[in-house]
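Chemist: Next up is a structure, given as structure tokens.
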Amino acid sequence: MLAEKHPPASSELDAFEQDVIHGLSQQQKTLPCRWLYDDRGSQLFERITQLPEYYPTRTETAILKNCVSDLAQHIGPQAALIEYGAGASVKTQILLKHLTHLSAYVPIDVSGDFLEDTAQRLQQTFSHLNIQPVIADFTSPFTLPALGNSRSKVGFFPGSTIGNLSDDEIHSFLTAAHQHLGDNRQFILGFDLHKSADILIPAYNDAAGVTACFNLNLLDRINRELNANFSTGGFKHDARWNENESRIEMHLVSIAKQRITIAGKTIEFEKGESIHTENSRKFCLDSIKTLCHNANWAMRKVWMDSDNLFAVALMEP
Ligand code: AVI
């Protein structure tokens, strides 16, 4: 059960350098959120999911536990479950345990070591399943392994990672999923719902400072990989609620006027100027339905928690 490797078109390091230099040369300095997830970033994100203020993970887990027997009625026999951005696959275990007619599980993730460990652990528990990990960035083109006797494919995209994508990225991703999943396709999508800033801000700026470390780790990564001289003490984490765009924005704010060298180039920061590092969109049912509909997916069923914090939807063509 060796993971299938899909090397990036150009080297990761070149892509990282290009994104950093391009992003930090914009009027509003910005960095794509995918670079938050090096090994340390992935570990910090796992800690975030366990924080008392970060409601999405535990709420989605509870919804999945409650809806899984209902969900099972809608999934045909010998289906393959394809998980986009699998990470530690914690929530997946609820599906693997209760969707008893699954024939295969394909976790897809960029982090190869993490993925291999997870796949091996799951294979021990679910020995009847054909587990085929794929190392790939699911937002770029990749091919799935042949899945022998699977009769249909069910995409799984939990955690509201969809909220970290732009409208265009969501459209491309949901459209590409048609090709991966084939004609007999279904899709289980987890997404975060619009709510009060009083709940959202602490969820993205926790008292223990784990989210701040997660955000600031990006500067450490740039120092390490691109030979830069950021002092992480020179920036502070900020989580902002943008009501117009219905999203939480993470920023790194420069606490002083300063000049940074990255890969031989100089970038100037004014005091108070920020680097925008992530968007985390919060949807209402209509906005997500429209995005899905535009990519030829219809929502068949939606499950939510009693406080309407989070939702899990089953989508079909
Ligand atoms: C991975 N993603 C869904 C998380 C979110 O809530 O948008 C990333 C995150 N950023 C800060 N805290 C969590």
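The values are calculated or read from the model by the stated rules, or taken from the named source; none is laboratory data. Not measured: the values here are computed from a predicted model. Please note: Cβ atoms are built from the backbone with ideal geometry, for glycine as well, and neighbour counts cover all protein chains shown.
Yes/no matrix, rows are residues, columns are (1) more than 19 Å from HIS293 (Cβ to Cβ); (2) crowded, with 18+ Cβ neighbours inside 10 Å:
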{"site": "GLY159", "(1), (2)": "yes, yes"}
{"site": "GLY163", "(1), (2)": "no, yes"}
{"site": "HIS171", "(1), (2)": "no, no"}
{"site": "LEU174", "(1), (2)": "no, yes"}
{"site": "LEU181", "(1), (2)": "no, yes"}
{"site": "GLY190", "(1), (2)": "no, yes"}
{"site": "SER196", "(1), (2)": "yes, no"}
{"site": "ASN205", "(1), (2)": "yes, yes"}
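Chemist: Now, a different point. Counting only residues that are out of contact with any Leu (no Cβ under 8 Å at 6 or more places or on another chain), give me the helices (runs of 4 or more DSSP H) lying completely in segment 11-108 with at least 3 of them. Break it down stepwise before answering.
Modeler: Numbers: elements: 12-23, 39-48, 55-74, 92-98.
Hits in segment 11-108: 12-23, 39-48, 55-74.
Chemist: Within segment 188-230, can you find the residues that are of a type in the set (A, V, I, L, M) and more than 19 Å from VAL20 (Cα to Cα)? Spell out how you get there, then give the answer.
Modeler: The initial filter retains those residues of segment 188-230 that are of a type in the set (A, V, I, L, M), namely 188-189, 193, 197, 199-201, 203, 207-208, 210, 212, 216, 218-219, 222, 226, 228.
Residues satisfying the conditions are ILE188, LEU189, LEU193, ALA197, ILE199, LEU200, ILE201, ALA203, ALA207, ALA208, VAL210, ALA212.
Chemist: Does segment 136-156 hold any residues that are crowded, with 21+ Cβ neighbours inside 10 Å and outside any loop (DSSP other than H, G, I, E, B), and which are they?
Modeler: LYS153, VAL154, GLY155, PHE156
Chemist: Quickly run through segment 24-43 and pick out the residues that are more than 14 Å from the ligand (Cβ to nearest atom) and either polar (S, T, N, Q) or touching a helix residue (DSSP H, G or I) at 6+ places or on another chain (Cβ under 6 Å) (or both). Write out each step before concluding.
Modeler: From segment 24-43, those more than 14 Å from the ligand (Cβ to nearest atom) are 24-30, 38-40; that's our starting set.
Matches in segment 24-43: SER25, GLN26, GLN27, GLN28, THR30, ASP38, ARG40.
Chemist: Can you pull out the strands (runs of 3 or more DSSP E) entirely within segment 210-317 that have at least 2 residues that are surrounded by 13 or more Cβ atoms within 10 Å (Cβ to Cβ) and within 16 Å of the ligand (Cβ to nearest atom)? Reasoning before the result, please.
Modeler: Working: elements: 235-242, 247-254, 258-262, 265-269, 274-281, 298-304, 310-316.
Per the criteria, 235-242, 247-254, 274-281, 310-316.
Chemist: Residues in segment 91-112 that are within 24 Å of PHE45 (Cα to Cα), free of Cβ contacts under 8 Å to residues at least 40 places away in the same chain and surrounded by fewer than 22 Cβ atoms within 10 Å (Cβ to Cβ): how many? Full working, then the answer.
Modeler: In the first step, residues of segment 91-112 are kept if they are within 24 Å of PHE45 (Cα to Cα); the result is 91-96, 105-112.
Those still in the list that are free of Cβ contacts under 8 Å to residues at least 40 places away in the same chain too: 93-94, 96, 105, 107-109.
From the residues that got through so far, the ones that are surrounded by fewer than 22 Cβ atoms within 10 Å (Cβ to Cβ) too are 93-94, 96.
Of the residues in that region, 3 qualify.
Chemist: Looking at GLU46, GLU53, can you tell me which residue is surrounded by fewer than 18 Cβ atoms within 10 Å (Cβ to Cβ), within 13 Å of the ligand (Cβ to nearest atom) and farther than 28 Å from GLY112 by Cα? Lay out the reasoning, then the answer.
Modeler: Values: GLU46 fails: farther than 28 Å from GLY112 by Cα.
After ruling out the rest, the residue left standing is GLU53.
Chemist: Still on this structure: Do we find that ALA86 is at pLDDT below 90 and either basic (Lys, Arg) or closer than 23 Å to ASP192 by Cβ (or both) in this structure?
Modeler: Details: at pLDDT below 90: yes; either basic (Lys, Arg) or closer than 23 Å to ASP192 by Cβ (or both): yes.
Yes.
Chemist: Further question on the same structure: Name every residue in segment 263-299 that is β-branched (Val, Ile, Thr) and under 19 Å from the mean Cα position of the chain (by Cα), in order of residue number.
Modeler: Filtering segment 263-299 for residues β-branched (Val, Ile, Thr) gives 266-267, 275, 277, 288, 290.
Once the filter is applied, which keeps residues that are β-branched (Val, Ile, Thr) and under 19 Å from the mean Cα position of the chain (by Cα), segment 263-299 yields THR277, ILE288.
Chemist: If you don't mind, another one. Restricting to segment 184-195, and then to whatever is part of a loop (DSSP other than H, G, I, E, B) and in contact with a strand residue (DSSP E or B) (Cβ under 9 Å, 6 or more places away or on another chain), can you tell me which residue is nearest to the ligand (Cβ to nearest atom)?
Modeler: Filtering segment 184-195 down to residues part of a loop (DSSP other than H, G, I, E, B) leaves 184, 194-195.
Within this subset, residues satisfying the condition of being in contact with a strand residue (DSSP E or B) (Cβ under 9 Å, 6 or more places away or on another chain) are 184, 194.
Details: ASN184: 28, HIS194: 14 Å.
The selected residue is HIS194.
Chemist: So which residues in segment 119-135 are assigned to a helix (DSSP H, G or I) and crowded, with 22+ Cβ neighbours inside 10 Å? I'd like the intermediate steps shown before the answer.
Modeler: Of all residues in segment 119-135, those assigned to a helix (DSSP H, G or I) come to 119-125.
Passing the criteria: only ALA119.
Chemist: Taking LEU44, is it under 30 Å from THR266 (Cα atoms) and modelled with pLDDT of 90 or more? It would help to see each step written out before you state the result.
Modeler: On the way: under 30 Å from THR266 (Cα atoms): yes; modelled with pLDDT of 90 or more: yes.
Yes, satisfied.
Chemist: Yes or no: segment 153-173 includes at least one residue that is of a type in the set (A, V, I, L, M) and out of contact with any helix residue (DSSP H, G or I) (no Cβ under 9 Å at 6 or more places or on another chain). Don't jump to the end; show me each part of the working.
Modeler: Residues of segment 153-173 that are of a type in the set (A, V, I, L, M), as a first pass: 154, 162, 165, 170.
Next, only the ones that are out of contact with any helix residue (DSSP H, G or I) (no Cβ under 9 Å at 6 or more places or on another chain) stay: none.
No, because not a single residue in segment 153-173 is of a type in the set (A, V, I, L, M) and out of contact with any helix residue (DSSP H, G or I) (no Cβ under 9 Å at 6 or more places or on another chain).
Chemist: With the condition kept exactly as written, say whether any residue in segment 61-75 is crowded, with 18+ Cβ neighbours inside 10 Å, within 16 Å of the ligand (Cβ to nearest atom) and of a type in the set (A, V, I, L, M, F, W, C).
Modeler: Scanning segment 61-75 turns up at least one residue that is crowded, with 18+ Cβ neighbours inside 10 Å, within 16 Å of the ligand (Cβ to nearest atom) and of a type in the set (A, V, I, L, M, F, W, C).
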